[in-house]
Each structure stands twice: as C-alpha cells, then as structure tokens.
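Each reported figure results from applying straightforward, stated rules to the coordinates on display, with no laboratory input. On a predicted model such as this, the values are computed, not experimentally measured, just so you know. Glycine gets a Cβ as well: all are built from the backbone with ideal geometry, and neighbour counts include every protein chain shown.
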Amino acid sequence: MAELMPAAPNATAQTMQVSRLTRFRYRHRYLLGYLFILPWFLSFLWFDVIPFCLNLYLSFTNYSVGPLAKAKWIGLENYATIFASDPRFLKGVGNTLYYAIGAVPLGLAFAFVIALLLNSRVRGLGVYRTAFYVPSLVPAVAASLIFLWILNTNYGALNRLLSLVGIEPIRWLSRPEWVKPAVIIVSLWGFGAQMIIFLAGLQDIPRELYEAVEIDGGGAWRKLIHLTIPLMTPVIFFNLIVGIIGSFQVFTPAYIFFGTDGGPLNAGLFYMVHIYNNAFRFFKMGYASALSLILFIFILIFTLILVRTSDRWVFYTGGGR
Amino acid sequence: MSHKLSRRDFLRLAGIATGGAALAACAPQPAPAPAPAAKAEPTKAAAPAAPTAAPAAAGKIKIEFMNWWGAQRRPLMDQVIADFMAANPNIEVTNQETPWDNRDQVAATAMASSTPPAVMMSTRVETYKYAKEGLIIPIDDHVKISGIDVNKLFYPGEINNQRWNGKLWAFPMPTGGGNSSLYIYNKALFKAAGLDPEKPPKTWQEMDEVAQKVIKKKGNAIEVMGVDPVGGSASVSTLINWLICNNGNLATEDAKTLTINSPEAVETLEWLVEFTNKFHGGYSNCVDFWTGNNDTAPDGRFYKDRLGIWWVNVSAFSHLKTQAPDKYKDPQNAWGVALRPYNAKNPKAASHGETGLAFAWGQVIPKAVAKEKQDAAYKFVEFLSTNNKGVCYFLFAQDRPAPLISCNANPDYKKNNPYWDTVLKALEIDMSLPVTPVQTEISSFIKEAVEKALLGTAKPKDALDTATKQGQAVLDKYWKG
C-alpha cells in the first residue's frame with residue numbers, strides 16, 4: 001500500500017493544505033460509497049433485518065396482539081404444536097407443494113414457449129410482445145376476480161370452451177379435487193414477467209452459433225435441444241428459483257376465491273393462508289411467526305439444494321458458475 | 001492517530017443510529033396524566049372515581065372513530081357525528097371510515113399500535129380478543145356514572161354479545177349481524193309454484209314442499225332455487241343456525257364445553273345432508289348456484305326471481321329497497337317475512353336466530369388512548385348507541401331495526417314494512433350464543449365438519465365428533481390460560 005500513499009508534504013502552506021485534503025480523501029475514500037448505500041442499508045435494517053429478528057423472537061413466544069412486552073417466552077412450544085398437533089399445517093404444506101409442482105414447471109414451459117415464438121422474425125412482433133406481456137401487469141386481485149367468473153361451473157368461459165370439445169362442466173371452485181388445478185390455471189396468467197426474462201436470454205444467444213448448427217445440417221429441433229435450451233439454462237435456473245419462491249407464497253387467488261376459509265375441505269388452504277389465519281383471524285402472532293420461519297427455512301433449504309445441484313444442468317458460456 | 005472510518009465502524013454507527021430510532025419509535029407513550037378531579041363534569045349518580053369527564057375549558061378533545069360504514073352509510077354517520085358534536089362542543093370526532101379490504105389485518109394492527117383510534121368498530125370475537133389481551137377498557141364504570149340500564153335498553157341477545165368475562169366492553173350497534181331469526185321469501189315464485197304466498201314454511205318439514213316445487217334445473221345446474229338450508233358455501237353458521245332451531249347449542253352456557261356433537265347437532269347435520277342430496281342433487285350443485293353473484297348487488301338471485309327463500313339478517317330490507325325498489329314497494333305481491341323454520345319432530349324446538357358468533361358489531365375504546373380521550377370516546381359511543389339522533393336515526397335511515405329497543409317503536413317502520421311485527425319478534429328470539437375469544441378457530445373446525453358431511457366424505461356424526469375433539473382442545477387450552 002505504501003506506493004499508493006501521497007507524496008510527503010513540502011514546506012509551503014498551500015502544499016500542506018492540498019496534502020491534508022488529499023490525505024483526508026484517501027483516508028475517507030470509501031465514505032461516499034457508504035453514504036450512497038446508506039438509504040438502502042437503513043431500509044434493509046428497518047424492513048428486513050429487524051422484522052426478521054423480531055419474527056425469530058416472537059416465534060418462541062405466545063404473542064397475540066398489543067405491546068411486545070406482553071409476549072411470554074414459551075420456548076419451542078409453537079414448533080412442537082405445529083409438527084405434532086396442527087392438522088392444518090400438513091394440509092397447507094401439501095396444498096402448497098401440489099401448487100408449486102404444478103404451477104412452476106407449467107409456468108416456465110408456457111413462458112419459454114411463448115418467448116421462443118416472440119423471438120422469431122414476424123411482422124407486428126412488437127404488438128404480440130406487448131399483448132402477451134400486458135396480462136402480467138394486471139393486479140393479482142383483479143385477475144383473480146376475473147377468473148372467479150371464468151371458472152364458474154355453469155356460466156364460466158372456460159367450461160364453455162371445454163363444452164365445445166364435449167367435456168362436461170368442471171366444478172373448478174366447488175369440488176376439492178379441482179380447486180388447486182384452478183389456482184394453477186390462474187397462476188399462468190402472470191407468465192409475462194418470466195417470458196420477458198426468457199426473451200432477453202434468447203436474444204443474447206449469438207447468431208453464429210445457430211449458423212454453425214445449420215452448417216452441420218441441424219434443423220429447428222436440434223437447434224432448440226442442443227443449443228437454445230443449454231444456453232438458456234442460467235435463465236431457466238433464475239426463473240425456476242424465483243418461481244419456486246413465489247409459488248411457496250401463493251395467497252391472493254386463494255384469498256379471493258375462498259376468503260380465509262380455505263375452500264371446500266380446505267383444498268385451497270395454502271401455507272400463506274394458514275399463516276394469515278393464525279396471525280389475523282386467530283390472533284396467534286407468535287404461532288404465525290413460527291410458521292413463517294419454517295417457511296423461510298424451507299425455501300432457503302430448497303434454494304440451496306437447487307443452487308448446489310445446478311452445476312449438473314446449468315451451462316454458463318464463460319465456464320463459470 | 002488514524003481517523004479512518006472502517007467498514008466495521010460504519011456498520012456500528014449505522015446500527016446504533018437505526019437501533020436508537022427504532023427504540024424511540026417503539027417506546028411506550030408517556031402515561032397520560034389523570035384528568036384533574038376538580039375539572040370533572042358533574043355526573044348523574046354518585047360517581048366512582050375511575051372515569052373522569054372531559055374538561056370543557058381545556059379546548060376541544062379530538063377523537064377518531066375508526067369504522068367501516070362506507071357507501072350510502074357514510075353521510076348518515078357524518079350526520080350522527082355532527083349531531084354529537086353539536087351536543088358536545090368540547091369534543092371533535094373524526095370519521096375515520098376505512099376500506100373493507102384486509103379488514104382483519106387493518107383492525108388488528110390499528111389496535112396493536114401505540115396510537116390506536118379513540119373508538120374502533122369491532123366484531124364480537126375481536127372485542128373479546130382485545131379484552132383478553134387488555135387492549136380495551138370495559139365500559140361498566142362509565143355506564144354506572146351515566147346511570148343507564150343497559151339490560152332494559154337493549155335486546156338481551158344483543159347486549160349479551162358485548163359481555164365477556166363478567167364485564168361489558170361495548171354497546172351493540174347495529175344489530176348482531178348474524179343470520180337472524182327471520183327470512184325473506186319471494187311471493188311471486190311461491191305463487192308460480194302453486195304455493196300459498198301467505199303461508200311460508202314454519203318447520204323444516206314444510207320446507208320440503210318449497211324446495212320441491214320451486215326448483216328449476218338444467219342438467220345439474222340449478223337455475224331457480226326454492227330453498228337451500230345451507231344457503232351458500234358451508235360455514236359454521238350452516239350448522240349453528242339450524243341447531244338452535246332444534247333445541248341445540250354451540251356450547252354449554254359457561255362456554256367451557258362444546259356441544260356440537262350432541263344428538264340434536266347430529267340430527268341437524270343429517271337433515272341438512274339429506275335435504276341437500278334429495279332436492280338439489282348434492283352440495284356441489286348448491287355451491288355452483290351460489291358462486292359468482294353478490295346477493296346484495298342489483299343482479300342478486302332474490303331480486304331476479306331465482307331464489308324462493310333468502311336467509312338474511314335485518315340489513316336485507318335496506319338492500320331490497322336500494323337494489324330492487326319496485327319489489328320493495330310491493331310487499332303484497334313480491335315479498336314476505338317469516339321466522340326461521342324449526343324441527344317439528346323435536347317438541348322442544350322453536351324458531352331462533354343467533355346474534356352473531358363472530359360478527360356482532362360494537363364500538364370499543366382502546367386502553368392506549370389518553371384518559372380524557374377515553375371519556376370523550378365513551379360519550380360518543382353512548383350517543384351513537386343509545387341516542388335517538390344516533391342509533392335510531394342511523395338505522396331507521398337504512399330500514400333496519402336497532403338493538404336499542406325504543407328505536408323500533410317508531411311507527412314509520414311499519415309504514416315501510418308491513419312485516420315489522422315479525423321483524424321485532426325475530427329480534428326477541430335471537431340468541432347470544434356462548435362464545436370465547438378462540439371461537440374463530442373453533443368455527444373453522446365446524447365448517448370443515450359440515451363440508452365433509454355435505455360432500456359425503458364423512459358421516460355427520462363422525463365429522464362432528466372430529467370437530468368437537470379439535471375444537472375442544474382449543475377451548476381447553478384457552479381456559480387453561
């Protein structure tokens with residue numbers, strides 16, 4: 001570091017002054033950077049770190065509502081209850097996993113296929129891209145309300161369409177076995193965000209690579225399987241992680257369709273609805289904190305597993321990870 | 001000497017600054033100074049020392065009233081507040097009308113904050129929960145000072161909803177909000193089906209004929225429904241409303257033991273399942289019939305002659321007046337009112353309604369607000385709930401009866417509603433069921449049991465036994481503290 005230090009001060013006052021300034025600048029060269037990140041840092045502290053720590057603490061208490069001082073430390077009791085005697089916990093986990101397994105791959109596939117189509121050279125491409133992206137801008141509440149009608153057994157548009165191919169009306173929202181597929185269908189509505197990311201990834205693939213495949217006699221299928229998909233794996237990986245995190249937190253459609261009741265036989269009682277019920281309907285904030293911490297740990301473990309196993313299937317062009 | 005600001009120093013400083021800010025924000029407010037006794041207004045009775053009246057000379061006391069009286073009710077509430085302020089010039093009330101979305105969340109966080117509104121509209125179970133957590137004040141002392149006799153002023157089913165743990169926490173306003181003892185029926189549909197429109201069913205058994213004759217189906221889809229005792233998606237009320245018409249109850253009087261698997265309860269659920277399967281071809285057909293439309297919207301099923309019997313509470317008249325004014329004006333031919341049918345096979349059974357397992361509104365006063373604001377808040381709550389310019393004005397304008405008995409003697413009610421005597425009878429036989437702060441959780445088990453039975457995945461008795469076991473565990477834990 002010595003060679004980076006400023007030169008020794010000379011005798012004149014002016015030079016000394018300049019030298020002091022230089023030294024000050026050198027010593028505090030990171031200050032400006034810290035000042036720039038300060039707003040983010042404070043909000044991170046206030047909106048993430050402190051609530052997380054509070055949540056952690058509350059999960060070991062019987063906190064209901066009101067002053068925190070009233071929260072009584074009960075150790076692991078909340079966790080014991082969750083795993084030993086809460087029938088809704090397993091129901092919520094089961095429903096959420098079902099949804100995640102259905103919604104994430106379907107959403108990815110759907111968004112990827114549409115992105116592939118929108119990556120081709122056709123007239124009016126901008127219009128198509130806008131048209132496919134706009135639905136994802138519709139607020140989830142509004143979209144869910146629209147789907148409440150689309151999924152109506154007797155008058156819904158979806159059943160009308162299905163009836164054209166001879167399928168009997170499906171009781172999307174009134175039979176427990178159809179509730180989760182219905183919510184998965186609703187989730188596809190918001191594919192636009194993933195599609196845009198896929199599209200950006202597709203446009204990053206160098207043209208000459210496709211030309212190389214063509215020279216080797218490869219057709220569209222080979223290009224897709226041997227070039228596009230491998231080169232898109234980092235983007236697929238990103239969308240997969242984001243999709244899984246989002247799917248574990250599904251709430252709005254179930255809340256709009258069934259309120260906090262969970263629908264027929266609790267088929268729409270997703271994990272987040274269970275947390276909400278415990279926090280705001282049953283006023284068991286400590287218990288809800290424990291539930292949310294379990295969700296956090298579950299998502300964290302799942303994400304870590306995905307990251308750890310990603311080197312087996314995610315291909316980075318630079319060779320890095 | 002180095003003055004380098006290391007990363008560690010920076011983080012430490014930022015941490016201290018943020019932590020300090022957090023602590024400052026979360027610190028409890030200084031305890032409000034007790035209002036000086038010398039400034040207390042003279043009161044009617046020999047006043048206990050606890051509540052002091054607002055000092056008139058110290059300027060206006062500002063209180064906020066957090067409520068959910070939106071839409072056409074907003075100007076009515078504004079008028080009530082204006083009348084209150086005219087009578088109490090030293091108190092200024094802000095109408096803090098709040099959107100309905102995420103109400104549970106908004107209400108809980110407002111109450112839990114260090115600066116709650118001085119008066120908050122609260123449901124019965126919320127009130128009990130707040131009371132249990134020590135977040136609101138009981139109003140017994142204020143009532144004593146005021147000298148009013150709440151047992152004479154209100155219907156028993158209404159005032160008892162606001163009592164918990166031996167104390168009174170609010171006045172009822174408006175009426176309970178549960179499914180009351182009355183129902184509205186569609187005379188035109190009755191006539192078209194060959195039924196006597198002046199003889200609505202009084203018993204479960206008489207409902208069979210209505211269900212059978214009025215219903216119109218297209219395949220599995222019910223286009224016109226005669227009567228559906230489930231009345232929408234299954235809920236706790238599906239069972240309880242009929243159980244109390246079969247001489248049953250939710251729990252024992254002391255609210256310590258659930259009785260939802262009593263012989264009466266099992267019989268009630270078996271009847272619901274049998275009725276639904278026999279006349280509607282299963283529960284799912286009913287749910288599909290009810291999905292979509294909002295029954296208080298202009299295209300509501302009753303207004304559009306798609307529903308013979310509508311299980312409602314007393315707010316139905318207001319909705320009928322607003323959404324189907326032509327129908328409303330023609331009670332002779334369009335609609336009638338009767339009491340909820342009971343099980344004629346049970347000699348002890350009679351018509352009843354419940355004044356709200358969870359939804360029975362009252363106005364509560366948070367403990368966290370300053371003493372003088374609490375006293376001003378009580379004045380407002382009492383005006384709102386017991387004054388002619390409060391509850392009577394507010395509810396008459398909505399064509400609904402009041403929990404305050406004297407309001408309902410207004411002869412104009414009868415001019416608008418020829419079935420007014422039936423409405424009053426319904427209010428008398430509405431019951432306040434034994435409920436605890438954990439009722440919402442218990443209700444969720446009962447709802448599931450009803451669904452299991454209706455969907456045929458469990459026998460009624462087994463489903464109710466399971467719900468009782470689950471609910472009782474919650475109840476036992478609550479009473480154990």
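Calculated on the alpha-carbon coordinates, the convex hull of the stretch B:395-481 measures out at 153 cubic angstrom per residue. Between the helical axis of B:7-26 and the dominant principal axis of chain B, each derived from Cα atoms, what acute angle in degrees is found, rounded to the nearest 10? For helix B:7-26, the angle is close to 70 degrees. When the alpha carbon gyration tensor of the protein assembly as shown is reduced to an equivalent ellipsoid, its three semi-axes come out at 53, 41, 24 angstrom, largest first. Residues considered: A:A80, A:A157, A:A13. Largest GNM mean-square fluctuation over chain A, using C-alpha springs under 10 Å, is found at A:A13. Using the Cβ of B:N95 as centre and a radius below 10 Å, the other residues enclosed give a net charge of -2, where K and R count +1 and D and E count -1.
Each of A:W46, A:W313 was scored by other Cβ atoms within 10 Å of its Cβ. Listed from fewest to most, they are A:W313, A:W46. Among A:S187, B:S122, sorting on how many other beta-carbon atoms sit within 10 Å of each Cβ, with the fewest leading, yields A:S187, B:S122. Kirkwood hydrodynamic radius of the stretch B:363-410, from the reciprocal of the average inverse Cα-Cα distance over all distinct pairs: 11.6 Å. Of the Cα atoms belonging to chain B, the radius of gyration and Dmax stand at 25.5, 103 Å. Ordering B:424-430, A:68-74 by mean Cβ neighbour count within 10 Å, with the highest value first, yields B:424-430, A:68-74.
Take each residue in A:273-283, count the other chain C-beta atoms within 10 Å of its C-beta, and the mean is 5. Neighbour counting of Cβ atoms within 10 Å sorts the residues B:K129, B:K447, B:K167, fewest neighbours leading, into B:K167, B:K447, B:K129. Taking every residue in A:62-70 and counting other chain Cβ atoms within 10 Å of its Cβ, the average works out to 6. Screening chain A for whole DSSP H helices with an alpha carbon extent of at least 30 angstrom along the helix axis and a mean Kyte-Doolittle hydropathy of at least -0.5 yields A:87-118, A:285-309.
Peptide A:169-179 shows a mean partner chain C-beta count of 4 within 10 Å per residue C-beta.
Using θ = phi - 60° in the Karplus curve 6.51 cos²θ - 1.76 cosθ + 1.60, the 3J(HN,Hα) couplings for the stretch B:166-175 round to x, 10, 9, 10, 6, 9, x, 6, x, 5 Hz; x is entered for Gly and Pro.
With N counted as the residues of the stretch A:88-228, its alpha-carbon radius of gyration over 2.2 N^0.38 Å works out to 1.31. Comparing A:T96, A:T260, A:T81 in a Gaussian network model of chain A where C-alpha atoms under 10 Å apart are linked, the largest mean-square fluctuation is found at A:T81. On a per residue basis, the convex hull of the C-alpha atoms belonging to the stretch A:78-312 measures out at 152 Å³.
Shown in residue order for the stretch B:344-353 are the 3J(HN,Hα) couplings computed by the Karplus curve 6.51 cos²θ - 1.76 cosθ + 1.60 at θ = phi - 60°: 5, 6, 9, x, 8, 6, 8, 5, 8, x Hz (x for Gly and Pro).
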